[in-house]
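Here the structure is laid out as structure tokens; the discussion comes afterwards.
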Amino acid sequence: MATIDDERPSTTQIEKLTEKNYRSWATTVRAILREKKLFDVVEGKVKAPAQLADDASDEDHVTYDTALEAYEKKAFPACRILLSTISSRLITYVEDEDDPAKIWTTLKDRFRPTPDITMAQALKSIIGMRMAEDDDMEAHIRNFTAAKRRLEEHGVNLEDIVYRTIFLLSMPTGYQMTVTALEGQTDMKLEAIQNRLLDEYRKRKNSPQNGLVMSALLTNQNSRKGKTPGVHLETPAIAQIPASIVRTAKN
């Protein structure tokens, strides 16, 4: 039987459950529970024995005690695994439960995404993301990655060029020259583009005057051309965003 120490590395290295990552959390925790031969008690296939009547015989008590011990050998570690992989603010939903099957069902009913509504919300979120001139690029990339993961949890798997284009469209005017250069490098993956923009952000952070001058120049150029300051939209990649995705995001 696996000990608590045996299980600790499995549960401490996974992302804890939040309001936004149920699918990936459930997939990982389910695999851990199956590896430990504990998922049957979480599914409710193995249950605690029924309480004995007051007039139960000694033989019935022996049978009950044996069945209860077998159940607890699975239920206790299963509860520990489940509770140790939930973020602290969500513990309140299951803090009074000691039945792993009820804990699993409660979390599934509360945090599993509703396919239609939350998929549209996830699409709107990622397509509508915009970074302000003075925003933190690292935080913006983290937020974009989280939005991408939420979309993928609904089974929406877009091509890398689509995510890359959406991300470039989220950049502020001050990064126009870098964005235009990256638009022409069609072989670059999303992660490489994010790293390139992150490097640019860090350079500007160390030399803020340079960033302000560039932003002012671009704003001035757009004003002379009669354009509204914003992200360059004349990119070949934007045409590859599925029309159904855009329509869903607008609804």
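Could you identify the single residue in A53, A2, A48, A26 that is in contact with an Asp or Glu (Cβ under 8 Å, 6 or more places away or on another chain) and at pLDDT below 95?
Going through A53, A2, A48, A26 in turn, the sole match is A48.
Look at D199 and say whether it is modelled with pLDDT of 90 or more and either closer than 16 Å to M137 by Cβ or in contact with a helix residue (DSSP H, G or I) (Cβ under 6 Å, 6 or more places away or on another chain) (or both).
The answer is yes for D199.
Report yes if some residue within the range 156-163 is free of Cβ contacts under 8 Å to residues at least 40 places away in the same chain, surrounded by 15 or more Cβ atoms within 10 Å (Cβ to Cβ) and closer than 20 Å to E133 by Cβ; otherwise report no.
no
Can you pull out every residue in the range 83-96 that is closer than 19 Å to G44 by Cβ and either out of contact with any strand residue (DSSP E or B) (no Cβ under 9 Å at 6 or more places or on another chain) or in the same structural domain as E152 (by TED's automatic domain parsing) (or both)?
L83, D96
Output the residues belonging to the range 139-148 that are in contact (Cβ under 8 Å) with a residue 40 or more places away in the chain and farther than 15 Å from I127 by Cβ.
Across the range 139-148, the qualifying residue is only I141.
Looking at this structure, is A132 within 30 Å of K148 (Cα to Cα), in contact with a Ser or Thr (Cβ under 7 Å, 6 or more places away or on another chain) and either surrounded by 12 or more Cβ atoms within 10 Å (Cβ to Cβ) or touching a residue at least 40 places away in the same chain (Cβ under 8 Å) (or both)?
no
Out of the range 64-85, which residues are loosely packed, with under 14 Cβ neighbours inside 10 Å and either hydroxyl-bearing (S, T, Y) or assigned to a loop (DSSP other than H, G, I, E, B) (or both)?
T66
If K20 meets every condition in (1) modelled with pLDDT under 95; (2) surrounded by 15 or more Cβ atoms within 10 Å (Cβ to Cβ); (3) part of a helix (DSSP H, G or I) apart from one, which number is that one?
(3)
In this structure, is D99 loosely packed, with under 14 Cβ neighbours inside 10 Å and either closer than 27 Å to I32 by Cβ or in the same structural domain as K37 (by TED's automatic domain parsing) (or both)?
no
Which condition number in (1) under 25 Å from S24 (Cβ atoms); (2) of a type in the set (S, T, Y); (3) in contact with a Gly (Cβ under 9 Å, 6 or more places away or on another chain) is the one that T173 fails?
Of the numbered conditions (1) under 25 Å from S24 (Cβ atoms); (2) of a type in the set (S, T, Y); (3) in contact with a Gly (Cβ under 9 Å, 6 or more places away or on another chain), the odd one out for T173 is (1).
The values are calculated or read from the model by the stated rules, or taken from the named source; none is laboratory data. Quick caveat, the model's predicted, so the values are computed rather than measured. No Cβ is skipped: glycine too gets one built from the backbone with ideal geometry, and neighbour counts run over all protein chains shown.
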